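Structure, as structure tokens:
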């Protein structure tokens, strides 16, 4: 009996111990799935800043811009009108296609006979007038009227009218490059009408530096001690320089206004600093007027202020001296005004030489009308 009870107890203990979880099993966890990674989209290439040509404005206009590359965008264009855009050697054309968004409708679908119906009818009528407009100058007023009445339209009519309005803005796919100190002319044309827009990086004007070689009459009155025998010397004028010219190289400064920058001839006042050439160089201040061709070559005339040689007040002409004196002992410098004339040159490129423009990536194809709003 004792043996049977002991066996039963041993079996029961084994079953209880087997049912209990082991410490190792309690710590084990099912392996976690790795988190799904979302691919990071690649950033798009930055677009060049837009240069807007407003077709409802003047047909000839000039704008000051910063140097750089610009993409050309047309504003207040007639939807469906074909526009040709020229810049340098590049010419592109907008195709006369009106692109309507999916889901647009021209007819009235489910509007009640109310004030909303009247306003939507007015918006649809003005949209038709926009599509058949004869002048770009009419586009802003028509757009304003359409936007004032479009709220009364249903979903389909709203999509249609918004799609037409969006196509008053055209992305031309043309990029214009303009460096510093330069000008570019952009031409937009359609059916015999042209808009000529000038882009310039000169702003109001620019201060320019030129090198000049000037010539001034020799008005020096130099004296020397001439031997007259018996170890005596007389003060005499130096006559061999009469009628000679004084060489006066100089650095000149002039203001170039934008209105003259790209004409064949530029002119205006000038000032500068120079120095006389010779055994005793003397500084000079110059002021005058300059005429140039293509900004780089020209002539200048004016007045120069610089020291001229004069007889020192301690001596007189024909005065007899007992010792021979050097010229710098007999002469002194006196500031005098003198006339000058000479040539000028600017060491720079001709800003009228344009670098070639290029269309945006994708070739010189006609751009599809822009579908977004203004």
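Just so you know, all these numbers are worked out from the coordinates, no wet-lab data involved. Source: prediction; values computed, not measured.
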- line: Inter-part gap, Cα centre of region 197-259 to Cα centre of region 131-155, in whole angstrom, is 69 Å
task: Would you kindly work out the equivalent ellipsoid of region 115-166 from its C-alpha gyration tensor and give its semi-axes, the square roots of five times the eigenvalues, largest first in whole Å?
output: 18, 11, 8
statement: Scoring region 115-166 by relative contact order with C-alpha pairs under 8 Å, at least six apart, yields a percentage of 50 percent
